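The values are calculated or read from the model by the stated rules, or taken from the named source; none is laboratory data. All figures in this text were calculated on a predicted structure; none of them were measured in a lab. Note that each Cβ is placed from the backbone with ideal geometry, even for glycine, and that neighbours are counted across all protein chains shown. In case anyone asks, the SASA skips ligands and DNA or RNA and just uses the protein heavy atoms, side chains included. Shrake-Rupley method; radii C 1.70, N 1.55, O 1.52, S 1.80 Å.
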Amino acid sequence: MNIGPYTFDEFKQKAAEFHGYAAPGLLVGGYMVELAKSRLPQGTLFEALVESQKCLPDAVQLLTLCSVGNGWMKVVNLGRYALTLYDKFTGLGVRVALDPTKLEMWPEIKGWYLKLKPKKEQDTDRLVDEIRRAGPSLCSMEEVVVPERFRRKAQMGAIGLCPVCGEAYPAHDGGVCRGCQGEAPYERLDQRQDMTDGPRLRAVPVGQAVGHKALHDMTRIVPAETKDPLVQAGQTLSPGDLCELQRMGRFEVYLEGDAA
Ligand SMILES: [Zn+2]
């Protein structure tokens, strides 16, 4: 059965190019998106609300103009394999879900969806063939309305320059950017120098770093006890320091590139 403008095999190919491989969830998702689209009145300017992070957002992006990046798709991760396409002005739309009561005829799909057997025992060819033959019959559908608060676009508002990192950020986040408030999803290797024209760094196993100078502080955090640096920048590393570093789970340290 076709998926929108594509044959099943064409969609499988597109899925592989876009998603890395033709994931079963994406193939099922293709039918779900097309089912929802087919129930919206012709010419509806619609947006998408997806209840799973896995695969389904990619099906929406492949088959509609909605993406997370353009703001026309929202992912509200409820962990349910369901999506809603709705009129962006009225919120009226259609919710399509993969329905566990409709899987009895399709043992491979049921086994995959409900995780009834380990992945290595799955018969992928059979699974994909079942998905192709089942098409949108696996889905249940209902009319819904998406309230205004889920349709509203987040306004960025005024832009500030963060006094700590110097980068631009939405001023309503506070006096410094959220990254500098402790939400940055990474740790800097060296807080004191600009990496672009700083020295070349290389990571070496802890055991090879004895006698070299530490480039940055390394801190062991024991809740409610200490977060003083164990090693301070510029300190020459002793064998004892390196044991301590290994004990706190650090197995490599950074040295300047020309340090032997
Ligand atoms: Zn900042």
Can you name the number of the only condition in (1) within 16 Å of the ligand (Cβ to nearest atom); (2) more than 28 Å from Gly25 (Cβ to Cβ) that Leu189 fails? (1)
Does at least one position in region 4-17 carry a residue that is surrounded by fewer than 16 Cβ atoms within 10 Å (Cβ to Cβ), at pLDDT 95 or above and among the basic types (Lys, Arg)? no
Name the single residue, out of those in region 36-65 being over 22 Å from Thr7 (Cβ atoms) and among the acidic types (Asp, Glu), that is nearest to the chain's Cα centre (by Cα). Glu51
For Cys162: the one exception among (1) under 24 Å from Gly30 (Cβ atoms); (2) crowded, with 16+ Cβ neighbours inside 10 Å: (1)
What are the residue pairs meeting all of these: first residue in region 164-184, first residue over 17 Å from Ala154 (Cβ atoms), second residue more than 6 Å from the ligand (Cβ to nearest atom) and of a type in the set (A, V, I, L, M, F, W, C), Cβ atoms under 8 Å, and 6 or more apart or on different chains? Glu167/Leu161
If Arg95 satisfies every condition in (1) in a loop (DSSP other than H, G, I, E, B); (2) buried (at least 18 other Cβ atoms within 10 Å of the Cβ) but one, which is the exception? (1)
What is the one condition in (1) modelled with pLDDT under 95; (2) on the phi > 0 side of the Ramachandran plot that Gly91 does not satisfy? (1)
Is there a residue in region 143-155 that is open to solvent by 20 Å² or more (accessible area, probe 1.4 Å), among the small types (Gly, Ala, Ser) and outside any helix (DSSP H, G or I)? yes
Among the residues of region 245-254, is any part of a loop (DSSP other than H, G, I, E, B), modelled with pLDDT of 75 or more and surrounded by 13 or more Cβ atoms within 10 Å (Cβ to Cβ)? no
Go over the candidates Thr101, Thr64 one by one and state the one that is of a type in the set (S, T, N, Q) and open to solvent by 30 Å² or more (accessible area, probe 1.4 Å). Thr101
Which of the residues that make up region 172-189 are open to solvent by less than 90 Å² (accessible area, probe 1.4 Å) and part of a helix (DSSP H, G or I)? Asp173, Gly179, Cys180, Gly182
